[in-house]
Amino acid sequence: MRGKLNLLFDWRVMGVTAYFPLLVILALFGYISLRKDFSNVWNSLVPALEFTLPVFASWWSVFLFQDVLEEPGSETLFSYPITRRKLGVTRVAIFYAVYLILVLSLLLVLEWLSATSVFLPLAIQYGSESFFFAGLGFLAMVLTLDSGWALAVVLVYTSTQLLTGGQVLPLLNVFLLNKRVLPVSELLAPALINILAGAVLWGLAQYLFKTFRRFK
């Protein structure tokens, strides 16, 4: 019988770093809850959320593999009776789903407090972008074997797109860089592209992880 995942163990192994995405979400909850007036905030809030929520979707994808790929003696983990699929893409998918639930909860609160129909469009935008970043973090960790370098890859990609308005490698830019909540009709095409690009990252990362043979 194949081994089963122990997600509580995975959480504990990540240590204090596991809590960073939660702290970010809580901070955003606090900021949104303190707002009295949302009429003039969207042009700053929408970009701020775009460069926060999707990017932190990569966090758990990186640190889930710190003990598997980075720590000395980690090669012994591959001898355990658990498939590479479960150890790789399945764990990333589960933690992405948890993160997505947190993001959707935040957007529900935002819609309720602002009395504006923002949940669905922002869920489509940030959900698809988060899917891309979860895959980017996974792939960066498999390629670099180092959580610091993997986060650097995510940071360089994000800052480059932010500072250049998406002009560097525009075909690989997942950010919409919008300063207002867009209608759903304008979001479906870019969201689909982001999901397809993310699927490529997820698939490539899992392929490399499955065929992984070199260790530190």
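The values are calculated or read from the model by the stated rules, or taken from the named source; none is laboratory data. None of these values were measured; they are calculated from a predicted model. Ideal geometry is used to build each Cβ from the backbone, glycine not excepted, and the neighbour counts take in all protein chains shown.
Check whether at least one residue in the stretch 72-87 is in a helix (DSSP H, G or I), among the hydrophobic types (A, V, I, L, M, F, W, C), over 30 Å from Leu204 (Cα atoms) and without any contact (Cβ under 8 Å) to a residue 60 or more places away in the chain, and report yes or no. Give the steps one after another, and end with the answer.
To start, the set of residues in the stretch 72-87 that are in a helix (DSSP H, G or I) comprises 74-79, 84-87.
If we keep only those that are among the hydrophobic types (A, V, I, L, M, F, W, C) too, we end up with 77-78, 87.
Next cut, over 30 Å from Leu204 (Cα atoms) only: none.
No: the stretch 72-87 contains no residue that is in a helix (DSSP H, G or I), among the hydrophobic types (A, V, I, L, M, F, W, C), over 30 Å from Leu204 (Cα atoms) and without any contact (Cβ under 8 Å) to a residue 60 or more places away in the chain.
Out of all the residues in the stretch 1-43, which are in contact (Cβ under 8 Å) with a residue 40 or more places away in the chain, surrounded by 10 or more Cβ atoms within 10 Å (Cβ to Cβ) and of a type outside the set (A, V, I, L, M, F, W, C)? Please lay out each step first, then the result.
Taking the stretch 1-43 first, the residues in contact (Cβ under 8 Å) with a residue 40 or more places away in the chain are 1-5, 7, 10, 13-14, 17-18, 21-22, 25, 28-29, 32-33, 35, 38, 42-43.
With surrounded by 10 or more Cβ atoms within 10 Å (Cβ to Cβ) added as a condition, the list becomes 3, 5, 7, 10, 13-14, 17-18, 21-22, 25, 28-29, 32-33, 35, 38, 42-43.
The answer is Gly3, Asp10, Thr17, Pro21, Ser33, Arg35, Asn43.
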Residue tally, condition over 19 Å from the mean Cα position of the chain (by Cα) and surrounded by 15 or more Cβ atoms within 10 Å (Cβ to Cβ), over the stretch 182-206: 1
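Could you say whether any residue in the stretch 147-156 is touching a residue at least 24 places away in the same chain (Cβ under 8 Å) and more than 30 Å from Arg84 (Cα to Cα)? Give the steps one after another, and end with the answer.
As a first pass, look at the stretch 147-156 and keep what is touching a residue at least 24 places away in the same chain (Cβ under 8 Å): 147, 150-151, 154.
Then drop every residue that is not more than 30 Å from Arg84 (Cα to Cα), which leaves none.
No, the conditions are met nowhere in the stretch 147-156.
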Scan of the stretch 121-156 for residues that are farther than 20 Å from Phe212 by Cα, out of contact with any helix residue (DSSP H, G or I) (no Cβ under 7 Å at 6 or more places or on another chain) and not small (Gly, Ala, Ser), ordered by number: Leu155, Val156
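Look at the stretch 167-181 and say how many of its residues are buried (at least 16 other Cβ atoms within 10 Å of the Cβ) and more than 17 Å from the chain's Cα centre (by Cα). Explain how you work it out, then say what you get.
The initial filter retains those residues of the stretch 167-181 that are buried (at least 16 other Cβ atoms within 10 Å of the Cβ), namely 173-176, 178, 181.
Imposing the further condition that a residue be more than 17 Å from the chain's Cα centre (by Cα) reduces the set to 178, 181.
Of the residues in that region, 2 qualify.
Each row is one residue, and each column tells you yes or no for (1) part of a helix (DSSP H, G or I); (2) within 17 Å of Ala205 (Cβ to Cβ); (3) modelled with pLDDT under 95; (4) of a type in the set (Val, Ile, Thr).
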| site | (1), (2), (3), (4) |
| --- | --- |
| Leu102 | yes, no, no, no |
| Leu106 | yes, no, no, no |
| Leu113 | yes, no, yes, no |
| Thr116 | no, no, yes, yes |
| Ile124 | yes, no, no, yes |
| Gly127 | yes, no, no, no |
| Phe132 | yes, yes, no, no |
| Leu136 | yes, yes, no, no |
| Leu139 | yes, yes, no, no |
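In the stretch 114-166, what residues are loosely packed, with under 14 Cβ neighbours inside 10 Å and of a type outside the set (A, V, I, L, M)?
Applying the first criterion (loosely packed, with under 14 Cβ neighbours inside 10 Å) to the stretch 114-166 yields 115-117, 148, 152, 155-156, 159, 163-165.
Hits for the stretch 114-166 are Thr116, Ser117, Gly148, Ser159, Thr164, Gly165.
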Residues satisfying the stated conditions in the stretch 95-110, i.e. closer than 18 Å to Phe9 by Cα and surrounded by fewer than 16 Cβ atoms within 10 Å (Cβ to Cβ): Ala97, Val98
